[in-house]
Amino acid sequence: MKGDPEEQLLNQISQQNVMITIVYLVFSLFWSSLSITLSVFAGSLIAIFSYFWLSSTLQAVVGQQDQRSIKKYLWHYGIRIVAVGVVLFVLIFYVKVNPIALFMGLSVVVLSLFIGIFRYVTGR
């Protein structure tokens, strides 16, 4: 049983997030810097956690057409943005992570989305 193509896409993107994170972490080991590796890992965790938070919020409100569900989504969206912003601020200004490595980690979900959508559109 194949299931819903959109559900398969979401599952594939989730799996790709983990795989891309592993590739990034292995690649970051070539710098022989724990700071770079931890920065990549921190960025990846933030991106993946934010993706799951967004996904769970959307699943909770999809199918509901009332004004309350829209406000709930917007409220969760705002909280998520503020939470991610605070975590990034603390990591950059207090923990002093490598910002380029952090950015690479944050790009995990974006890269996974591009790959997933490309595979979905091309039928691979």
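The values are calculated or read from the model by the stated rules, or taken from the named source; none is laboratory data. For clarity, every value in this text was computed on a predicted model and none was experimentally measured. Neighbour counts are summed over all protein chains in view; Cβ atoms, including those assigned to glycine, are modelled from backbone coordinates with ideal geometry.
Quick notes on this structure:
- Any hit, the range 51-66, residues being of a type outside the set (F, W, Y), in a helix (DSSP H, G or I) and touching a residue at least 40 places away in the same chain (Cβ under 8 Å): yes
- Scan the range 41-75 for residues that are under 23 Å from S112 (Cα atoms) and surrounded by 14 or more Cβ atoms within 10 Å (Cβ to Cβ) and the total you get is 14.
- Within the range 106-124, the residues that satisfy the criterion of being surrounded by 17 or more Cβ atoms within 10 Å (Cβ to Cβ) and either among the aliphatic types (A, V, I, L, M) or over 14 Å from the mean Cα position of the chain (by Cα) (or both) are L106, V108, V109.
- Hey, L102 modelled with pLDDT of 90 or more, over 30 Å from P5 (Cα atoms) and over 16 Å from the mean Cα position of the chain (by Cα) or not: no
- Unique match (being within 28 Å of V86 (Cα to Cα) and modelled with pLDDT under 90) among S14, S35, S39: S14
- I92 meets all of the listed conditions (1) surrounded by 15 or more Cβ atoms within 10 Å (Cβ to Cβ); (2) touching a helix residue (DSSP H, G or I) at 6+ places or on another chain (Cβ under 7 Å); (3) part of a helix (DSSP H, G or I); (4) at pLDDT 85 or above but one, namely (1).
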